[in-house]
Amino acid sequence: MSPDASDPRCRPMPAHHGLPAEPYDLDAVREDFPILKRLVHERPGRLGKPLVYLDNAASAQKPRPVIEAMTRCMELEYSNVHRGVHYLSQQTTDAYEAVRDKVQTLLNAPSRENIVFTRNATEAFNLVASTWGRTFLGPGDEIVVSVLEHHANIVPWQLLQTENGFAIKVIPCDDRGVLDLDAYAALLGPKTKLVSVTHGSNVLGTVPPAAEIVRIAHARGIPVMLDGSQAVPHMPVDVQALDADFYVFTGHKLYGPTGIGVLYGRKELLASMPPYQGGGDMIASVSFNGTTYREPPYRFEAGTPPIIEGIGLGAAIDYVQTLGLANIGAHEHTLLEYASVRLAAIEGVRLIGTAPGKAAIVSFVIEGIHPHDIGMLADQMGVALRVGRHCAEPLMERFGLEATCRASFGLYNTIAEAEALVDAVQSVKEFFR
Ligand SMILES: *Cc1c(COP(=O)(O)O)cnc(C)c1O
């Protein structure tokens, strides 16, 4: 879907006062996010600091259309779904199921039946490990992940490994955070049953060449799962163009609510998988002599689904598609370039992750200053950063680091906020001089 030219927020903003041109009206967009107006560290007798929210890779803030859609659902259109004959239940079911269509469009999936709703990206990985993995992985088999992975794409496999006894091979990266595709190809063999890699590193911002990774695996008949948690909010994603077999993302990083995520699966793969959890909604019929299950995707959606969260996700998808994901990515890229160049110019600052074409995530360390101290001091200035291992401990080990500071940009961040980040880092350095 292309940006909606009739929406005033989609008006491109020309360059002015030395600021770069914007692909959409950033001031108008910021008005949509109530939280961006708040101050932090307010105390009696002291005015707070404006919030500079640069922790979007952990979770993004919510625009008013998302908040309003969820509120409207609870105020006026709420009922359980899928099993009511009454008016409200029909209405809520229609609204909830329409979100499956929105996700289909967002990912360019071939059909709505490819879309399974989960609680988050983590649950999508656990679902595939528990069903596809438990069925098809055994002793002597191998799966391939990369050193860039979030724990969500490591630990579910390890949990299953203790039962099914397969091996986990790891694609290495270079010092920029670029995956070594030769090493990757060399890892694949007759024992390889699955490749599961990220489509965007939450620590380094690396965007691996997913289509190429899939092509190499498919040439050997190996299916590929991609972690789109850090891709879907920042770029147009087309699962058919990627030729992905499984693709996951999480709603709360796409400006939607917590409690809802998505698993895309190729139809034959989903059909080959036994149920994940048992209960209501996923059954065709239940008897003490044996129970039968519904077709995918419903087979994998036991119990009352996250109805309100689903409605919120639908509104979030509408929101980003109105602005255009390519526009969002272009805007974030401007911020990334600006922050990277300015930070790298500060003595003692080292950027961690410099892959070409990376997404708008800047991890860095400052020589002689602990990342936690940087994060705490920046916070005093209103700048919200992430510090720590970012749920990717093997990657931190690869870079020989205990922790990094991470600034991650979203669609509403501004050059002034990137400037505030640079100022905060300068001040931290002054403080420790
Ligand atoms: C955040 C994140 C996840 C996990 O998302 P949840 O919502 O916590 O399940 C997985 N992979 C990547 C790359 C992430 O950034």
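The values are calculated or read from the model by the stated rules, or taken from the named source; none is laboratory data. Model, not experiment: these values are computed from the prediction. When we count neighbours, we look across all protein chains shown, and the Cβ atoms used for this are built from the backbone with ideal geometry, even at glycine. The area values use the complete protein model at the heavy-atom level, side chains included, leaving out ligands, DNA and RNA. Shrake-Rupley method; radii C 1.70, N 1.55, O 1.52, S 1.80 Å.
Across the chain, counting alpha-carbon atoms alone, Rg and Dmax equal 22.4, 75 Å. Between the amide H of Ala167 and those of Gly140, Asp141, Glu142, Ile143, distances stay under 5 Å, these residues lying 5 or more places away or on another chain, with hydrogens modeled in the peptide plane. Surface composition of the range 1-121: carbon and sulfur make up 57 percent of the accessible area, probe 1.4 Å. Seen from every direction in turn and averaged, the convex hull around the alpha carbons of the range 65-322 projects onto 14.5 nm². Taking every lysine pair in the chain that is 8 or more places apart or spans two chains, those with Cα atoms closer than 22 Å amount to 13.
Approximating the spin labels as points 7 Å out from Cα along Cα→Cβ, the Glu419-to-Cys391 distance works out to 3.4 nm. What whole number of Å gives the distance from the Cα centroid of the range 235-271 to the Cα centroid of the range 357-431? The range 357-431 and the range 235-271 have Cα centres spaced 28 Å from each other. Once the Cβ-Cβ distance of Asn108 and Ala167 is raised to the sixth power relative to R0 = 25 Å, the FRET efficiency obtained is 0.15. Evaluating 6.51 cos²θ - 1.76 cosθ + 1.60 at θ = phi - 60° for every residue in the range 347-364, the Karplus couplings come out as 4, x, 8, 10, 7, 10, x, 10, 5, x, x, 6, 8, 7, 10, 10, 9, 8 Hz, glycine and proline recorded as x. In this structure, the amide hydrogen of Ala302, modeled 1.01 Å from its nitrogen in the peptide plane, lies closer than 5 angstrom to those of Gln277, counting only residues at least 5 positions away or on a different chain.
Sorted on the mean count of surrounding Cβ atoms within 10 Å across their residues, most packed first, peptides 393-406, 192-205, 339-352 read 192-205, 393-406, 339-352. Rounded to the nearest 20 debye, the dipole magnitude of the chain is 420 debye, with +1 charges on Lys and Arg beta carbons, -1 on Asp and Glu beta carbons, and the Cα centre as origin. Under 19 Å from a label point set 7 Å out along the Cα-to-Cβ vector of Ser79, the amide N atoms of the range 87-101 belong to 87-99. The DSSP beta bridges internal to the range 65-322 are antiparallel in roughly 45% of cases. Comparing Gly84, Val428, Ala378 along the charge dipole axis of the chain, the residue lying farthest to the positive side is Gly84, per the Cβ-charge model.
Would you mind getting me the FRET efficiency between Thr135 and Glu402? Use the beta-carbon distance for r and R0 = 41 Å, nearest 0.05. That gives a FRET efficiency of 0.60.
The H on the amide N of Gly388, modeled in the peptide plane, is under 5 Å from the matching H of Thr404, each at least 5 residues off or on a different chain. Rolling a 1.4 Å probe over the heavy atoms of the protein chains gives the chain an accessible area of 42 Å² per residue.
Report summary: the helix-based calculation at 222 nm, which adds -39500 (n - 2.57) for every DSSP H run with n ≥ 4 and divides by the residues of the chain, gives -10500 deg cm²/dmol. The mean of 1/r over all distinct Cα pairs in the range 145-210, once inverted, gives the Kirkwood hydrodynamic radius of 12.6 Å. Our estimate of slack between Ile283 and Ala271, defined as 0.36 nm per intervening residue step minus the Cα-Cα distance, is 2.9 nm. Mind giving me the FRET efficiency for Ala58 and Ala185? R0 is 30 Å, r the Cβ-Cβ distance, nearest 0.05 is fine. Efficiency, from the Cβ-Cβ distance: 0.35.
Using θ = phi - 60° in the Karplus curve 6.51 cos²θ - 1.76 cosθ + 1.60, the 3J(HN,Hα) couplings for the range 308-322 round to 5, 5, x, 4, x, 4, x, 5, 5, 4, 4, 5, 5, 6, 5 Hz; x is entered for Gly and Pro.
Which order do peptides 316-322, 230-236, 21-27 fall in by mean Cβ count within 10 Å, highest first?
For the peptides 316-322, 230-236, 21-27, the packing ranking is 230-236, 316-322, 21-27.
Share of carbon and sulfur in the accessible area of the range 330-433 stands at 52%, probe radius 1.4 Å. With a simple spin-label model that places each label point 7 Å from the Cα along the Cα-to-Cβ direction, the separation between Glu295 and Tyr87 comes to 3.2 nm. Sequence-ordered 3J(HN,Hα) estimates for the range 273-285 from the Karplus curve with 6.51, -1.76 and 1.60 and θ = phi - 60° stand at 9, x, x, 9, 10, x, x, x, 6, 9, 9, 8, 8 Hz, glycine and proline given as x. Gain on full extension, evaluated as 0.36 nm per residue between Asp101 and Ser427 minus their Cα-Cα distance, stands at 112.5 nm.
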